[in-house]
Each structure stands twice: as structure tokens, then as C-alpha cells.
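Single-structure report; data block below.
The values are calculated or read from the model by the stated rules, or taken from the named source; none is laboratory data. The structure displayed is predicted, hence computed values, not measured ones. No Cβ is skipped: glycine too gets one built from the backbone with ideal geometry, and neighbour counts run over all protein chains shown. Keep in mind that these areas ignore ligands, DNA and RNA; they rest on the heavy atoms of the full protein, side chains included. Shrake-Rupley method; radii C 1.70, N 1.55, O 1.52, S 1.80 Å.
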Amino acid sequence: MKLLIVGYGKMGHLIDQMAQDLGMEVVGRVDEGRDEWTPADVAIDFTTADALVRNFPAYIERKLPVVIGTTGWSAYAPQFREQAERAELGVVASANFSIGVNIFQLVVTEAARLMRQQPQYGAWIHELHHAAKRDAPSGTALALKAALERAGYARGIDVSSTRAGAIPGTHTIGFDAVSETITLTHTARDRSVFARGALEAARWIQGRQGWFTMRDVIGV
């Protein structure tokens, strides 16, 4: 499998390092000042929202399936999805490629379903990431909030963020009442969990057409 890495920051370097262990060959690397749009089977894009807006037409033009790990571009999602479906292009787009986070979202959804009839509990989300992360709240925190709301939790949900040091990513969901608190937490210990998930998504999307998420990849 030939892989094109778009965005050669920390995640791009890590994906590059791990690809060979999964039997993949990195044939090109695209970044600012580095233009290696080599023919490939799948692209993995960990850039920025602005860069993705520039890159997405290239995936359409090349009919190049793509795994998108960039966040902060949700305003463009309907437009990109329509273009991908018209071009019969395979896309996996996810705010978080950790298998654990995607299972965690299912746990959170069930908790919200149970809590929707318990008005004495208020809900909150707190997420922590490294100081260099651009978006706050994180895409994962927003996805978790949306999951709570879809499950029928109709009360306010306070969302807060911390940016400090080199934290890979921690997300906590809390439900608080007068005399007790319930918390659910997912902690990523290093970035390799995201890189491995993106590489598994790249393998999975080959031969598929349509718009998918990481939950489609892991079958939950």
C-alpha cells in the first residue's frame, strides 16, 4: 500500500515512522515548502483547516482516497462531503482516531441516555491538550457534546479547555448533583494511538466509496 502524508508536523512524522511496521510504503510527503504529490493509494491529512481547504480539491482531482485528522473545519464538512460523494471518493474524517475514544463516545452516549430523565444532574466536559494545539475546545470535546445532545440530554453542557505542556489529550465528562458526582475520563498517553488509528483507517478505506468516520472503521 502506497501512502501519501499531507502535513509533516509531529503527527506526520509519527505516521511516517509507524507506516512500515504496518506494511505500508510512504511514497510522498506534502508540507509547506515540500511538494511531493506522488501517486499513492491513500492520503493521510494532518494539516490545518486552512490547508485542508486548499488540499481537498487535489484529492478530488486525483481521485485519491483520504483520511482526514485535521480539526477546526466543520463549517466546510457539508461542502466537502457533497464533492466527495459526487466524485465517488472514499473519505474517513474523524476528530479523533483513537479506538478507545470512539468506544468512550458510546459509553458517554449511554450515560447521557440514562441521565436525561434525572434533572438533578448537570453535565460538563473538560479537555486538556498540549500548548501548541490550535483549536479549543477540541474537535473530540465538541463531538462528545453532540453525542450527549443526540442521546437526549437537553440541559446545558459546560465545555472548558486547558492548553499546557505536552499533554497528548484527556477528555472528562462529568455529571454533578447536590451530593454526588460521576466522571468518565479518557486519557491518551502518547500520540502513537492516533497515528496507528489513522493508518488502520487508511488501510480500511481502500476500495470503498463514501464518507465515513472512525466508528465505521472499527465497526461500532
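Results, tabulated for the structure shown:
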{"item": "Number of the exception - residue 185 against (1) open to solvent by less than 60 Å² (accessible area, probe 1.4 Å); (2) assigned to a strand (DSSP E or B)", "result": "(1)"}
{"item": "Residues located in segment 107-120, provided they are under 16 Å from residue 141 (Cα atoms) and open to solvent by less than 60 Å² (accessible area, probe 1.4 Å)", "result": "108, 109, 111, 112"}
{"item": "Exclusive hit being hydroxyl-bearing (Ser, Thr, Tyr), in contact with a strand residue (DSSP E or B) (Cβ under 8 Å, 6 or more places away or on another chain), at pLDDT 95 or above and within 21 Å of residue 193 (Cα to Cα), set 162, 140", "result": "162"}
{"item": "Residues within segment 129-171 that are in a loop (DSSP other than H, G, I, E, B) and either in contact (Cβ under 8 Å) with a residue 40 or more places away in the chain or more than 22 Å from residue 9 (Cα to Cα) (or both), tallied", "result": "9"}
{"item": "Residue count for segment 56-65, restricted to those that are crowded, with 20+ Cβ neighbours inside 10 Å and either among the hydroxyl-bearing types (Ser, Thr, Tyr) or assigned to a helix (DSSP H, G or I) (or both)", "result": "2"}
{"item": "Test result for residue 220, among the hydrophobic types (A, V, I, L, M, F, W, C), modelled with pLDDT under 95 and surrounded by fewer than 17 Cβ atoms within 10 Å (Cβ to Cβ)", "result": "yes"}
{"item": "Close pairs (6 angstrom Cβ cut-off, 6 or more residues apart or separate chains): within 21 Å of residue 77 (Cβ to Cβ) in segment 94-106, open to solvent by 30 Å² or more (accessible area, probe 1.4 Å) and charged (D, E, K, R) anywhere", "result": "102/215"}
{"item": "Test: residue in segment 81-93 that is touching a Leu at 6+ places or on another chain (Cβ under 6 Å) and open to solvent by less than 60 Å² (accessible area, probe 1.4 Å)", "result": "no"}
